[in-house]
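A.B. asks: Handing you this structure, nothing more for now.
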Amino acid sequence: MTVDPPLRRDAERNRRRILDAAAQQILEHGLGVALEDIARAAGVGIGTLYRRFADREALVEALFDAHVDGVVALAERVLAEDRHGRCVERFVTAVAERQAAELGLSQVLRTGPHGTALAVRARERIGPLAERLLERDRADGSVAPGIGAGDLVLIEIMIGAVQRAGGPQDDTTWRRALSLVLGGLRTGVDGSGAAPDDEAIDRLQGSEGR
């Protein structure tokens, strides 16, 4: 029998359609959007949705993991490049651009009932890559001493706030804000303590939805 591969392709295609529809529906209607509405937007039956995702929590986790996969891929791409210097700057810029394209989605997911647990999962995957980027830049002086992985999350939170305030049509303001922030990576921060630790980051991310 040769039907299994096409079935697997169909299943993956349906899964992708459901995730894409869920991202849009959650952005428009919040995490409480009916799963039936997500299935309808994806062009599949509710039974197909439940075969891919056992419940709403599984769907939200899959959405968040897909978002994190994208960020991980950005970090790995920068680490694989032959160019040296300003690795962190390239990574932070790429993350901000992705964040603008998916405006609000990661923020909505993080502020849901499982937001803290999801954020910890993201940090466990992205944190080691961020440290490698920082180590590379510290070695050639393109990142100031004292800049830590927590600072990169802090940048994401700050730029995300500007992006949401400006809306999807304002590409100029958040890029200017990012340019100002990137200067701080090179010059450092005076008299402001250490990079935020995990507890501080969890507190900041938890307050985004309030």
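The values are calculated or read from the model by the stated rules, or taken from the named source; none is laboratory data. Bear in mind that the values here come from a model prediction, so they are computed numbers and not experimental data. In this analysis, Cβ positions are derived from the backbone assuming ideal geometry, glycine residues included, and neighbour counts consider all displayed protein chains. Each accessible area value is taken on the protein alone, full model and side chains, heavy atoms only, with ligands, DNA and RNA left out. Shrake-Rupley method; radii C 1.70, N 1.55, O 1.52, S 1.80 Å.
A.B. asks: If you wrap a convex hull around the alpha carbons of the stretch 1-88, what volume per residue comes out, as a whole number of Å³?
C.D. replies: With only Cα atoms used, the stretch 1-88 gives 131 Å³ per residue.
A.B. asks: Could you work out the helix-only [θ] at 222 nm for the chain, with each DSSP H run of four or more residues adding -39,500 (n - 2.57) and the total divided by the number of residues, to the nearest 500 deg cm²/dmol?
C.D. replies: Mean residue ellipticity, 222 nm, calculated: -24500 deg cm²/dmol.
A.B. asks: Could you report the chain's accessible area per residue, 1.4 Å probe, as an integer in Å²?
C.D. replies: In whole numbers, the chain has 54 Å² accessible per residue.
A.B. asks: Where does the chain land on Rg/Rh, using Cα atoms and the Kirkwood Rh?
C.D. replies: When Rh is taken as the Kirkwood radius, the ratio is 1.02.
A.B. asks: Return the carbon/sulfur percentage of the accessible area of the chain, one whole number, probe 1.4 Å, all protein chains in place. Intermediate results must be reported in sequence, preceding the final value.
C.D. replies: Values: 5820 of 11320 Å².
The value for the chain is 51 percent carbon and sulfur by accessible area.
A.B. asks: Sticking with the crude label model, points 7 Å out along Cα→Cβ, report the distance from D55 to R132 in nm, one decimal please.
C.D. replies: 3.6
A.B. asks: Peptides 120-128, 142-150: what's the order by average Cβ count within 10 Å, highest mean first?
C.D. replies: Per-residue Cβ counts within 10 Å, averaged per peptide and sorted highest first, yield 142-150, 120-128.
A.B. asks: Using the Karplus curve 6.51 cos²θ - 1.76 cosθ + 1.60 with θ = phi - 60°, work out ³J(HN,Hα) for each residue of the stretch 86-93 in order, rounded to whole Hz, and write x for Gly and Pro.
C.D. replies: 6, 5, 4, 4, 5, 5, 4, 5
A.B. asks: Then there is this: In degrees from 0 to 90, rounded to the nearest 10, what is the angle of the helix 56-80 Cα long axis to the longest principal axis of the chain?
C.D. replies: Computed tilt is about 40 degrees.
A.B. asks: Continuing with the same structure: In what sequence, highest mean first, do 152-161, 31-40 appear when ranked by Cβ atoms within 10 angstrom?
C.D. replies: 152-161, 31-40
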